[in-house]
Amino acid sequence: MGIFPHRGSTSDFFRVAPGRILKTPMKVCDGVPNREALEERNGASIAVEKQILERLGNHPEIVPYLGPQSPGIILSEAPFGSLQAFVDTNTPMSSSHGWKLCEQAAEAVVHVHSKGVIHLDLRPENFLVHRITSRGALARPLWWINVRRPRTGWRTLA
């Protein structure tokens, strides 16, 4: 993300304190067809995400959920943006570093699935880089899956 405020596809993001990001349902401009329905959907997305984050709990590979704040949620900041942006600006990358990133992603997905949640939009843009060591490599725990409601939706297992 980098610059705040930031607008996603259904949410707005604001830095409310160092390291703390408020994610709120995106407001839709007056005059947009179905504005109220779109805003209702955006609010429902935040409500579902809150439930999922509470279900996932704390994990070293998941963006820390810091709690609710009406009308949204507070998340720990991932100041280096998405994994895709990180890879694009840090190539070439050593194979050991690439494997470490893959391992961390797999650990995050295993944890999410172990809690009965399936993320249907796994791609580098939905993983966030949280910290970089002085050697320029990621060290654990460094980045977390961006547990947001993707356009295709979440599925929870019964």
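The values are calculated or read from the model by the stated rules, or taken from the named source; none is laboratory data. Note that the coordinates shown come from a computational prediction; the quantities given were computed from them, not determined experimentally. Neighbour counts run over all protein chains shown; Cβ positions are idealised from the backbone, glycine included.
Values as computed for the structure displayed
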item	result
Any hit, the stretch 12-29, residues being within 26 Å of Ile118 (Cα to Cα) and small (Gly, Ala, Ser)	no
Residue list for the stretch 72-84, filter: in a helix (DSSP H, G or I) and either within 9 Å of Thr24 (Cβ to Cβ) or touching a residue at least 60 places away in the same chain (Cβ under 8 Å) (or both)	Leu83
Scan of the stretch 52-75 for residues that are modelled with pLDDT of 90 or more and among the polar types (S, T, N, Q), ordered by number	Gln69, Ser70
Identity of the residue in the stretch 9-36, in a loop (DSSP other than H, G, I, E, B) and touching a strand residue (DSSP E or B) at 6+ places or on another chain (Cβ under 8 Å), that ends up surrounded by the most Cβ atoms within 10 Å (Cβ to Cβ)	Thr10
Positions within the stretch 41-71 being surrounded by fewer than 19 Cβ atoms within 10 Å (Cβ to Cβ) and part of a helix (DSSP H, G or I), in sequence order	Arg41, Gly43, Ala44, Ala47, Val48, Lys50, Gln51, Glu54, Arg55
Pairs where the first residue, in the stretch 1-24, is among the hydroxyl-bearing types (Ser, Thr, Tyr) and the second is surrounded by fewer than 17 Cβ atoms within 10 Å (Cβ to Cβ) and modelled with pLDDT of 90 or more, C-beta under 6 Å, 6+ apart	Thr24/Pro71
Residue list for the stretch 114-128, restricted to those being in a helix (DSSP H, G or I) and touching a residue at least 40 places away in the same chain (Cβ under 8 Å)	Pro124, Glu125, Asn126
Identity of the residue in the stretch 37-56, of a type in the set (D, E, K, R) and in contact with a strand residue (DSSP E or B) (Cβ under 8 Å, 6 or more places away or on another chain), that ends up nearest to Ser114 (Cα to Cα)	Arg55
